[in-house]
């Protein structure tokens, strides 16, 4: 394949392959800088987000924002407002079983349940929990406890997506706080 020239007029440098726009390294860097100035760029926040605790930030022309929940960096949440209600369906592991339940206060709820690991969380209320119970009825052993089948394990793995469930919870609470 023959090298492609940079699209900038009078630039003799070859374009960087396989970029979607034929620009040389210098002009590609300049375009990236210009895009970052206009649309923001991802960077570490100077301090953790006061709402969700993330260090991922977005530098915008108007200032910093959290890259996870988009809370303006440095702005304190209103301490007089009660925390928002965020219902979740949870998947707790205990030995070879999985409990599927629901709560709006996972830390308090999990403290009352014998388990050895939090497998996943998904946003949803009692209706979603009941749908999951019907979906995995063949694996049900007792009340909200289910045998760990390949099908249930695959569902939990998709929900977890390699992300710490507590990070997901923090994001959902932060998003709910930011949108009220």
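The numbers here are math on the coordinates, done by the rules we state, and not lab data. Model, not experiment: these values are computed from the prediction. When we count neighbours, we look across all protein chains shown, and the Cβ atoms used for this are built from the backbone with ideal geometry, even at glycine.
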Rounded to 10°, Cα long-axis angle of helix 150-160 versus longest principal axis of the chain: 50
Roughly speaking, what is the centre-to-centre gap between segment 111-127 and segment 136-180 when only Cα atoms are used, to the nearest Å? 7
Quick one: Debye curve from the C-alpha atoms of the chain, no solvent, what's log10 I(q)/I(0) at q = 0.09, 0.20 Å⁻¹? -0.53, -1.23
Yeah, segment 88-178 with a ≥ b ≥ c from its alpha-carbon gyration tensor (a/c under 1.5 is rounded, else prolate when a/b outruns b/c, oblate otherwise) is prolate
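Say R0 is 25 Å: what FRET efficiency, to the nearest 0.05, do residue 159 and residue 56 get from their beta-carbon distance? Mind dumping the intermediate values first?
Details: r = 21 Å, r/R0 = 0.86.
It comes out at approximately 0.70.
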Mind checking the angle between helix 126-135 and the chain's longest principal axis? C-alpha axes, 0 to 90 degrees, to the nearest 10. 80
The helix 25-39 Cα axis meets the longest alpha-carbon principal axis of the chain at an angle in degrees, between 0 and 90 and rounded to 10, of 50
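Suppose R0 equals 30 Å; then what is the FRET efficiency for residue 127 and residue 81 from their Cβ-Cβ distance, rounded to the nearest 0.05? Let's see the in-between values first.
Working: r = 27 Å, r/R0 = 0.89.
E between residue 127 and residue 81, to the nearest 0.05, is 0.65.
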Fewest Cβ neighbours within 10 Å first, please rank 86, 8, 21 accordingly. 21, 8, 86
